[in-house]
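All of the numbers you see were taken from the coordinates with simple rules; none came from a lab. It should be emphasised that the depicted structure is a prediction, and the values quoted were computed from it without experimental measurement. Every residue, glycine as well, gets a Cβ built from its backbone with ideal geometry; the counts of neighbours run over all protein chains shown.
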Ligand SMILES: Nc1ncnc2c1ncn2[C@@H]1O[C@H](COP(=O)(O)OP(=O)(O)OP(=O)(O)O)[C@@H](O)[C@H]1O
């Protein structure tokens, strides 16, 4: 892949739910080691675009390319192999499992005998390898000390870190983060932004966020959606000053 080829490229994406047009001719490009934000008011189509890339929604039309090759839209069971990982809005950890066990669930790609047998110790070599990878992922988000805590004892900011570790354990090329700053205070947002920037040493990051302020400082480029269309794209400075963006956000009070 040439250095100018985008890692991920979606073009002319349209999605309808019955009579409702959720996306219309949307485009998005993510380059190597880039942090790109998809922002926009409530109902703009951000999650639908994420879901299309993750195989949770099938577009009516549009093309998808990954590593320079056009291909069908990814199915959910192809994501790990392709190198795409996603965190879920609302975190989605298993409350009664330990942090390490939660992260190990993200490592299924590496469990030669399947997660269940590995988790139950039928193959101790696989289990040890999974645990090592999971521990390394936790350490990358500075959460190694939390490994043996139950997920339901964590603070909210810590659950968000663990959710990222769970996505990192499959060693993705593209990490998709759903509202990484949602519910965090200013200090934790700063910390989270620092973490995201560090991740770009190894991968590209795609972020969906409702509030534009929280992603402005961390994103190299932004796409702004409103009513299912891209109304602006570019650097934070360009987007922030775009009258169409100001009008869209003022219109919703976000
Ligand atoms: N499964 C679905 N069935 C019907 N309509 C849907 C479905 N998913 C989304 N929509 C509609 O599509 C539009 C885009 O929704 P989407 O969730 O993608 O927006 P969003 O920008 O992520 O919003 P928010 O910031 O509130 O999460 C909305 O009008 C929404 O009601």
Want the number for residue 136 to residue 21: 0.36 nm per residue separation, take away the alpha-carbon distance, what's left? 37.2 nm
If I take R0 = 22 Å and measure r between the Cβ atoms of residue 149 and residue 201 in this structure, what FRET efficiency does the formula 1/(1 + (r/R0)^6) give, to the nearest 0.05? 0.20
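Compute the Rg/Rh shape ratio of the chain: radius of gyration over Kirkwood radius, all on alpha-carbon atoms.
On the way: Rg = 18.4 Å, Rh = 18.8 Å.
Using only Cα positions, Rg/Rh for the chain is 0.98.
Using the beta-carbon distance between residue 124 and residue 29 and R0 = 41 Å, what value does 1/(1 + (r/R0)^6) give for FRET efficiency, to the nearest 0.05? Write out the running numbers ahead of the final one.
Details: r = 44 Å, r/R0 = 1.08.
E between residue 124 and residue 29, to the nearest 0.05, is 0.40.
Relative contact order for the chain: what is it in percent, counting Cα pairs under 8 Å that are at least 6 residues apart?
Numbers: 489 pairs, mean separation 68.3, N = 254.
With pairs under 8 Å counted, the relative contact order is 27 percent.
What does DSSP give for the chain in terms of the percent of beta bridges that are antiparallel, rounded to the nearest 5?
On the way: 22 of 39 bridges.
If we restrict to bridges inside the chain, about 55 percent are antiparallel.
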Computed from the beta carbon distance with a Förster radius of 22 Å, FRET efficiency for residue 191 and residue 88 to the nearest 0.05 stands at 0.60
Highest-MSF residue in the chain out of 137, 181, 244 [GNM, Cα springs under 10 Å]: 244
Note down the nm distance, to one decimal, between modelled labels 7 Å out along Cα→Cβ at residue 5 and at residue 246. 4.1
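Per DSSP helix of 4 or more residues, -39500 (n - 2.57); summed, then divided by the residues of the chain. What does that give at 222 nm, rounded to the nearest 500?
Helix-only estimate at 222 nm: -9500 deg cm²/dmol.
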